[in-house]
């Protein structure tokens, strides 16, 4: 029988440098070593288990790992330690999966604990470096088993016997109640000395302590705190600790449409995604991540803001050229599998707004505006002033012709508006009069060219008849007040034309059977972040009951472990796209915060005048130019 787990059947473990995806049948089917953006040693997620996997599960009658999923699974407390429990006719067993936060080389630790009776277990590890393309040399060194291929060495240490069978390291063992067996997979360069064998129990205690200490800093105490904290942990797991870069997702090529062509590599740091992720972290009490990201930003942009890329590698690499891996059939046959991302060199004007708003938010949160950041900030605004009237590829990274996207222009306005606030606060030295004139010019043009008066809605781009969910952000960023008829009309139009019957929102119309504005054929699911944007827009325009109902619906889309992918297919009722997705979890956090704030100020929810919105995050609504 073909094994086709759904995306939401995977759990995430990680060490803030890379991560692994653990299926509910006990198989690790995705692991890139030694960091997020390196080739996978287990790539079964994008093919079959033969492309690399490591399954630990109760034995089947044939003596191999069984295909039954765990009876229950959860994260242990507020941590990234995954617990999976199987109950068999002879007993029950629990497997703990985790990756200790590290300063050195990565390790995956799996502890099998007997709970009752006795259970026959099997560990079967199929290392396949190079995204499943290489069969390594598996051999014994000093009583330890190692799989070597090129620059990679994978050491598997355990207290039970290991046997190599056709490129698979197999251990068959029994575990009774009160007993435990640990497996430690360590990566190191193949030319280096063998890694030390850690104490699995001590590593478990240290990992739990790390997450307990980190989550203790969370300042959010409102409704749905469990969902907010789980999302914060997920965002932290996607932060590359050594550099401060944040990946948009730890996977590549999970499809936005099954057997479609919309598969992309998200294991890089988008300025937009990282900025909005940091907004969620800062809004819940986390400043250290903002300081680290600001240092990353200075290194990435360097002295060349005129050639700002919309994304970089996690240590600020610029060359992210895209290629396909033809030997991988793709998740459920969704080819091509891509690594690298050709959108890196697109022009996306909204990025300037995202970056500058995050710098502004960091300042408001007490992160001092340093001299180097001030220089970068000024040059970014000066460059934006020269280019804001150009068409671009926009927030959705279209691969068709450039357009004058309304969202891009609105975020250009945000960049100038937040700069004005910093100048007025004395934190930045720029020509205030010129900035105010520029802000007014952008505002006037957007309202004149990006608004359809006949339908009372902002459109996707100048002169377009199409709608775009990103226009839901207009009240959140303060471009127009929530009670403006143009805002209310836009929210109603998006609900009418881009929403499903139960309120889930698509990014924009997709063509189905012919190429549309994005330059791609086919369709896609509803976009989770856009649905959270609708929650915010409904909240700000005074429709709190509807907003709460939609928020509850979105919480119900999460996996049993509280994780969200990029998209959701309401027809097949399954998650789609790269997983977990920073955008989706950021949206959850921000919507929860906004709903809490509006619950505390119900009389002011219609105009938002004293409410800190998810993206403007200010005590008072910004005053837009009157148009």
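Just so it is clear, none of the values below were taken in a lab; they were calculated from the coordinates. Note that the coordinates shown come from a computational prediction; the quantities given were computed from them, not determined experimentally. Cβ sites come from the backbone with ideal geometry, for glycine too, and all protein chains shown count toward neighbours.
Brief remarks on what is shown
- Crossing angle, helix 528-540 versus the chain [Cα axis fit, 0-90 degrees, rounded to tens]: 40 degrees
- Here the gap between residue 212 and residue 399, fully extended at 0.36 nm per residue and compared with their Cα-Cα distance, gives a gain of 63.0 nm.
- Here segment 125-195 is treated as an ellipsoid with the same Cα gyration tensor; its semi-axes, largest first and in whole Å, are 23, 14, 10.
- Relative to the dominant Cα principal axis of the chain, helix 485-498 is inclined by about 40°.
- A Stokes-Einstein calculation at 10 °C with viscosity 1.306 mPa s, built on the Kirkwood radius of segment 23-114 over Cα pairs, returns a diffusion coefficient of 111 µm²/s.
- Full extension of the segment from residue 118 to residue 466, taken as 0.36 nm per residue of separation minus the current Cα-Cα distance, would add 119.1 nm.
- Peptides 79-89, 571-581 ordered by average Cβ neighbours within 10 Å, highest first: 571-581, 79-89
- D_trans [Stokes-Einstein, Kirkwood Rh over alpha-carbon pairs] for segment 7-192, 25 °C, 0.890 mPa s, µm² s⁻¹: 150 µm²/s
- Degrees separating the helix 288-301 axis from the principal Cα axis of the chain, which is the longest one: 80 degrees
- Simple spin-label estimate for residue 205 and residue 304 gives 5.0 nm between the two label positions (7 Å along the Cα-to-Cβ direction from each Cα).
- Taking each residue as 0.36 nm, the span from residue 345 to residue 219 lengthens on full extension beyond its C-alpha to C-alpha distance by 41.6 nm.
- Each stretch of four or more DSSP H residues adds -39500 (n - 2.57); spread over every residue of the chain, this sum gives -9500 deg cm²/dmol at 222 nm.
- Residue 375 paired with residue 226, simple spin-label distance in nm, labels 7 Å along Cα-to-beta-carbon: 5.0 nm
- Inter-part distance where segment 469-490 and segment 201-269 are each reduced to a Cα centre, Å: 30 Å
- Hydrodynamic analysis of the chain uses the Kirkwood radius over alpha carbon pairs. Inserted into Stokes-Einstein at 20 °C and 1.002 mPa s, it gives a translational diffusion coefficient of 85 µm²/s.
- FRET E, pair residue 390, residue 176, Förster distance 56 Å, beta-carbon r, rounded to 0.05: 0.20
- Over the Cα atoms of segment 337-467, the radius of gyration divided by the Kirkwood radius equals 1.02; this is the Rg/Rh ratio.
- Placing R0 at 22 angstrom, the Cβ-Cβ distance between residue 60 and residue 164 gives a FRET efficiency of 0.65 after rounding to 0.05.
- For segment 231-272, the residues whose amide N sits under 15 Å from a probe point set 7 Å from the Cα of residue 500 along the beta carbon direction are 256-258.
- For segment 276-376, average projected area of the Cα convex hull in nm²: 8.1 nm²
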